[in-house]
Each structure stands twice: as structure tokens, then as C-alpha cells.
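Student: My questions all concern the structure below.
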Amino acid sequence: MKKALIVVVLAALGAALFVSAADTNFPIYFSNSKLLVKADVMNRTVYLPLKEIIQHMGVPYTDAIALETLTMRSGNNKLVVTKNSALISFNDQILLLPNPILRDDNRWLVPVEFLSMGLAKLTGTEFRYRPGTSRVFAGTIDAPELEMNAQTLGPITRITIRCAVPITVEAKREDPTKAVLTIDRAPVDPAHERFEHKDRLLHSVAFDDSDGNSKIVLDITHEVADLRVTPADNNRIFFIDLSRTAEPVTGAPPATAEPSVAASKPDVVPGDRKVRVVVIDPGHGGMDAGAKTSNVTEKDLTLALARKLRSALQSRLGTTVLLTRDSDASMDNEARSAVANNNQANLFISLHVGYSQNKADTGSSVFIMKEDFGDSFTPEKTSNDRLFLPWYLGYRIHRPASAAAGAILEAELNKSVPGSKFTVRTAPLAVLSSATMPSLLLEIGNLNNPASAQALVDNGFQGRLLNSIVDAVQKFSQSPHSSAN
């Protein structure tokens, strides 16, 4: 009696392993059609309804209920599956699946791997499935990759969407804690299905195409008052900015070009340029004013210069330009370089204004990240967030390109900005150490020198300065040292 009870209990436990834990819509994309099926997750395995798939593909089959087999044919090929067995027969050759095929009443359920291991052999159709996703691509279907990330940029939270081809993104707030971004292309292949981002405005970002339409679902907070979509790079990049009020949007292009900077038709055809995305970092911000005089603060001056430089790069080179901040916002150095890293920038330029105790000093500097600082660099020697620990070494791979960009910028500035000697220097600067692309820090003039301070706010000087930077970016883009991401 006890043995019989044990057998019954074991049988019940074995059956429980195959109880569906969840079911969800699962699109299968073909070259000229799509099929939505219900996927069952059993024992951590994704199962799909076989008969619905082969009927959609027009594959003849015979369901032998007594033999508990399903036989499919295509030309001279034959594929046979058996209930509760991981063994399948293709032209009398036995193949082993990682999980068994199930039959529930009139439904044949196959593990998703069966499509590539069995059905592909029968039909000649390639099936592509990435574990952890909820879709299958069949045949020659074109599914461009879609990348998503999120970051906190001072007063706003930015979601960046990047696609290999132009798309259209529209935003709709469905309720106080949910917003949906609809994409006008299906299918796309998201690099990540979902990720968490915990800040005061956003909790998570998730891709969803369970109904065959591409969309991104944002789990937002009640504090979100404004949601704004900004396209860039010919609709291959979209920035979705969340804010508590209608605050200025970082990286959004200005309505008109700045009059002090030369503007014309792009000097470089967008398709030919290697430097496609440039991130400009206006130094300091918020409580950190930087260097200052009685009427000029570094944080305000760098922001004004960054906005003008953005306008010049966009109008002359057709470049996608992002600012790490577009308001008086406080940001740490890691967040600044993260803007460039997360948006796959090809060049990062941090703008600063110099201040020297020597009032006669009029020199300016183009900084690149110092080569390795050695064992003597310790946490005790850091101050004012100017240095990072040695494990922030993202700059290393692009340091030769940074040096080349610095030399080009030095030459252009010294040629076009008379009276301001620019010199390439190295220093272990935190804002450059984590950047994973060619990166520079430009420190201009000396606010403690009256003549230099006056020049820094002069429109003519700013125009020459910024046009020289644009010329340098163009030359760097045409050099062998630059490469698009």
C-alpha cells in the first residue's frame, strides 16, 4: 500500500513539472507574414503549438492518434515526432531534442529548439531564436537591432533608443505610472528585453511585441509631468526625456543657429563622415560654479559655448550633437562620460574655462587623459572628484586617437585664434578616464586675466574659437584615427 502511494505521489510530482507556469503571445515573423501563437512555459522550457505553425507554413501532416505520432512531409523529406519523447526522426535519422515533445488532447507542443533542429531540416527555412526572448525570426526576415538605455541627467531622465535603420517613435501616457513608445517597424530585434532603472521618474523599460507590433513600455512614477521625444541621426536615434516640469531638454537642437558662429550647408556629406555623434560637456553646473569673476561664472560660460558649438557642428557637418547638460544642472564626472558612452559617441569634448593665480597668464590647454599613473596613484591622493581609481580605465583603447584629435585641435586653434596659445597636455582627469571613445578636455583662457576674461565673452572671439573646433572635428573625422561606432 505504501509503495502504491509513493508511486502515485511521484507520478503527481512528475506531472506537476509540466504544468504551465505562464503563457504569453509569441510572434513568429516570416518574410511575408507573421503568426501569433500562445507560448507555454513548462519546467522552464518554452513550448509552442506545432500544428498551428505547420498549418501556417502549409506543411502537410498526419496525426496518428493511436500511434501517438505526428508525421510531417515536404517533398521527399519526412519528419516524425512522438508524444512525450525527446527523440525525433528525420528521414529515419534519429535526433535528440533537449526537452520532450508533449501532446495535450489535440495539441502538439514542441520546445522552441525543435524549430531549428527539426522543422528547419524539413522545410529548409532557417529559424532564429535567442534564449530569453519572446519571438522567432524565420527565413530571410529583416529584423534590425534595437538598443535601449536610460540614464539620469540632472533634472531629467533620458531613455535613448537606437535602431540600425530609420524608424518613427511616438509616445503616449496610458496612465499615471505607464507610458508606451510605439515604433512603426516590426519586427525589430531588441538587444535587451527589459532593464531596471530606479530613479525618481523611471523604474523600468521593457520591449513588447506580443501583439506583433513593436513598442516599449515605461514604468514611470507619478512625478513625471512632461514626456518629450526628440529624433536624431536621421531618425535612427530617439531621445525620450522625462521631467517633473517642462524643463529644457539636453541635446535637443536649438530653433535657430547662433549668429556668432558661421552656418552654412553641411561641409561633409552625412553618409561619408566617420564622426557621426559628438557629445559636448559644459563643465561644472548647479552648486558647482567653477571659476568665476564678479560678472562671469565658468558654469554659465561653458553652457553658452556648448550650445553655440552644438549649433555649428549640426549646421556645418550635419553631426548628431548631444550635451551632457542643457540647464544649470549638477552632474558628477561619471554621469558626464556615461552620456557619451551610452549614446556611442565618436568624440567627447569637455569644455572648461581656465583660472590662474598669475594674472599675466593667457595660455589655454587641450587636455588628453594621462597615460597610466602607476602604483603611486592612491585613493588618498584624490581631491574634489578630480581623479578616479585605476579601475576606471575606459580611455586606454582610444588614447592614441585622443592624442591625434588633440594635436589637430591644437593646430586649428593656434592658427585661427590669435593671442591665445593652446598647448596639448596630459592629466588624470576624471571626466576623461571613463570615456570609451576619443576624448578631450579644452580649458580656455584665464578668467583672472582681465583681457582674457573680456575676450571669452566677446562674440567675435567665440566665433573664431568655435569655428576652429568645428574645423578640427571635420579634419579628425577625415583622419585615419577616427572611426564610427
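Student: Starting from residues that are not aliphatic (A, V, I, L, M) and not in a strand (DSSP E or B), keep the ones in segment 149-172 and report whichever is modelled with the lowest pLDDT.
Tutor: Taking the candidates together, the pick is G154.
Student: Give me the pairs, please: first residue somewhere in segment 420-432 and in contact (Cβ under 8 Å) with a residue 40 or more places away in the chain and more than 11 Å from I444 (Cα to Cα), second residue anywhere and in a strand (DSSP E or B) and of a type in the set (D, E), beta-carbon distance under 9 Å, and either six or more positions apart or on two chains.
Tutor: R425/E443; V431/D281
Student: Next question, about the same structure. Failed condition for L35, given (1) under 35 Å from the mean Cα position of the chain (by Cα); (2) surrounded by 15 or more Cβ atoms within 10 Å (Cβ to Cβ); (3) touching a residue at least 40 places away in the same chain (Cβ under 8 Å), with all others met?
Tutor: (3)
Student: Over 26 Å from S210 (Cβ atoms) and surrounded by fewer than 15 Cβ atoms within 10 Å (Cβ to Cβ), is that true of R44?
Tutor: no
Student: Tell me, yes or no, whether segment 459-480 has at least one residue that is in the same structural domain as R307 (by TED's automatic domain parsing), over 26 Å from S315 (Cα atoms) and in contact (Cβ under 8 Å) with a residue 12 or more places away in the chain.
Tutor: no
Student: State which residue is nearest to D241 (Cα to Cα) when the search covers only segment 292-319 and only residues that are β-branched (V, I, T) and surrounded by fewer than 24 Cβ atoms within 10 Å (Cβ to Cβ). Let's see the steps before the verdict.
Tutor: Here is the first cut: in segment 292-319, the residues β-branched (V, I, T) are 293, 296-297, 302, 319.
This time we only want the ones that are surrounded by fewer than 24 Cβ atoms within 10 Å (Cβ to Cβ), so: 293, 296-297.
On the way: T293: 34, V296: 30, T297: 27 Å.
Checking each candidate, the answer is T297.
Student: Among the residues of segment 293-303, is there at least one that is in the same structural domain as A407 (by TED's automatic domain parsing), more than 14 Å from L442 (Cβ to Cβ), among the small types (G, A, S) and modelled with pLDDT of 85 or more?
Tutor: no
Student: Taking G118, is it at pLDDT below 95 and over 22 Å from R236 (Cβ atoms)? Please lay out each step first, then the result.
Tutor: Working: at pLDDT below 95: no; over 22 Å from R236 (Cβ atoms): yes.
Here the answer is no, as G118 does not meet what is asked.
Student: Going through D184, D189 one at a time, which residue ends up being among the acidic types (D, E), in contact with a Leu (Cβ under 9 Å, 6 or more places away or on another chain) and farther than 19 Å from V224 by Cα?
Tutor: On the way: D184 fails: in contact with a Leu (Cβ under 9 Å, 6 or more places away or on another chain).
Among D184, D189, only D189 is among the acidic types (D, E), in contact with a Leu (Cβ under 9 Å, 6 or more places away or on another chain) and farther than 19 Å from V224 by Cα.
The values are calculated or read from the model by the stated rules, or taken from the named source; none is laboratory data. Please read all numbers here as calculations on a predicted model, not as lab measurements. Positions of Cβ are generated from backbone atoms using ideal geometry, with glycine treated the same way; all protein chains shown enter the neighbour counts.
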